[in-house]
Amino acid sequence: MANKIDFNAWAHTAAEWSAHYLESVAERPVRAQTKPGDISAQIQPAPPMEAESMQAVFDDFKNIIPDGMTHWQHPRFFAYFPSNAAPAAIIAEQLAAAMSAQCMLWQTSPAATELEISMVDWLRQAVGLPKAFSGVFQDTASSATLCAVLNMRERTLNWRGNEEGLSGHPPMRIYASKRTHSSIDKALWVAGLGQQNLVKIDTDERYALNIDELQQAIETDRANGFLPAGIIACVGGTSMGASDNIRAVCQLAQKENLFTHVDAAWAGSAMICPEYRDLWDGIDAADSIVLNPHKWLGAPMECSAHFVKDANSLKRTLSIQPEYLRTHDQSSIENFSEWSIQLGRRFRALKVWFLFRAYGLNGLQEMIRNHVRWSQTLAEQLRATPQFEIVTEPVLSLFTFRCTKGDPANIDNLNQQLVNKINDDGRIYLTQTDHDGKKVIRFMTGQFDMQQSDIDIAYETIVEIASQL
Ligand SMILES: *Cc1c(COP(=O)(O)O)cnc(C)c1O
């Protein structure tokens, strides 16, 4: 290649920039304050024909990109769910990028495969799952859920769907509560099952899927010639933390011979603290579980742990072996591309190894316990503040609230204005959601480095900006 760069010097420059960025990120507005098109206007419309100096490239990076970013590593990021990058895990990502291995087969990087087996198992132990579960690191929960849906589909069709397609078979049905994540809808689209075959069951007063209604829906579907294939249960839903009764769901699934997948993308990380495990009581009976270390635990994007009870069933769904992928000379331990959609895959386990070792389970538990406690403190402060109400109680570190000031008919509008003004202000970042027809404000703590003082700033900011409306 032309233009050989001084890798050593630039790697140091990048490391210095990264360290400074993380030290000073709290001084930036949390949400990007740019308008649509601000950034693209600064990017050349076509690729350069001639090589440019790294200095020019790096200067443009510094001048254009950071101001156009929303800062997920900001300690006052209270929106969505976190996307934490613990510093030790960032270092692991740098090392993985330097090797840039394609870890599709054991033989294409034995260390990556064997470390992945170990790290999935460390995580299994950390969240208290029994030995019966093995697993894989997928890119995202969306992918893990798609793999689980494909597994349900193939199991129901006795592994004929991949070969024959779906047209000769009765429609399959999958059941989930009305409060589950859109990635489940999308998984049914992509798996060829169709949105209308995702049967959405009402929830009860605790926001859990109504088991009687689920039982009824399965019976009605069987009577009408549909093929029930599986149930997707949720622990810690995205909007306000809705969680299903996993024990009851799994019992019903076993009785009906259905496959259960549990989406614990966010809340699953908190299961490293035994005192929160009531939230997924009965989980041992699930067939498939997804939780995202790239959310709350501190592994940089992308790292989604997909645990399964019967790995062979997943592999029978997804394994394909043309000659060029066969490994004849070695007996492989595991080829993780047979557990997922993508063939090529990154070395994801390295960051999990660094994460667990550099912070210890104790350190990670302490972080999560602090987040839960601080979030609950803020909920109590807001509850005690006139013209504020808590709409949904904290589930771990997530709750929703509203400002009730002024004309009751204008309340949705007022709360949207409040969210917009808070995010324009830049000291904190949070988002709105719809809860049973009401516009409410979500508050979630989870950033790796946040402190109790950040909660004080959140309270001041919310109350101050609300008083100006
Ligand atoms: C975040 C989230 C997802 C989607 O996760 P990705 O890894 O971004 O695909 C799915 N389900 C729940 C409950 C989530 O919180």
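The values are calculated or read from the model by the stated rules, or taken from the named source; none is laboratory data. Treat the numbers as computed from the prediction; the structure is a model and nothing was measured. Cβ: placed from backbone, ideal geometry, glycine included. Neighbour counts: every protein chain shown.
Against the test of being touching a His at 6+ places or on another chain (Cβ under 7 Å) and either surrounded by fewer than 20 Cβ atoms within 10 Å (Cβ to Cβ) or touching a residue at least 12 places away in the same chain (Cβ under 8 Å) (or both), the options D278, D263, D244, D284 yield a single qualifying residue, D263.
The condition of being surrounded by fewer than 15 Cβ atoms within 10 Å (Cβ to Cβ), under 30 Å from L418 (Cβ atoms), of a type outside the set (G, A, S) and at pLDDT 95 or above holds for only one of I43, I39, I65, that being I65.
Restricting attention to segment 197-229, which residues are of a type outside the set (A, V, I, L, M, F, W, C), surrounded by 21 or more Cβ atoms within 10 Å (Cβ to Cβ) and away from the ligand (no atom under 16 Å from the Cβ)? Within segment 197-229, just P228 meets the criteria. Helices (runs of 4 or more DSSP H) fully within segment 88-181 that include at least 3 residues being over 30 Å from D202 (Cβ atoms) and out of contact with any His (no Cβ under 6 Å at 6 or more places or on another chain): 110-126, 161-164. Inclusion of E389 among residues that are assigned to a helix (DSSP H, G or I) and without any contact (Cβ under 8 Å) to a residue 60 or more places away in the chain is not warranted.
So which residues in segment 248-306 are in a loop (DSSP other than H, G, I, E, B), away from the ligand (no atom under 16 Å from the Cβ) and touching a Pro at 6+ places or on another chain (Cβ under 7 Å), if there are any at all? Passing the criteria: only L258. Among the residues here, R155 does not qualify as more than 12 Å from the ligand (Cβ to nearest atom) and crowded, with 23+ Cβ neighbours inside 10 Å. Residues in segment 159-191 that are within 16 Å of the ligand (Cβ to nearest atom) and within 22 Å of N312 (Cβ to Cβ): I174, A187, A191. Residues that are among the aliphatic types (A, V, I, L, M) and within 20 Å of the chain's Cα centre (by Cα) within segment 93-103 are absent altogether. For segment 104-125, a residue qualifies if it is over 21 Å from the mean Cα position of the chain (by Cα) and among the acidic types (D, E), and exactly one does: E114.
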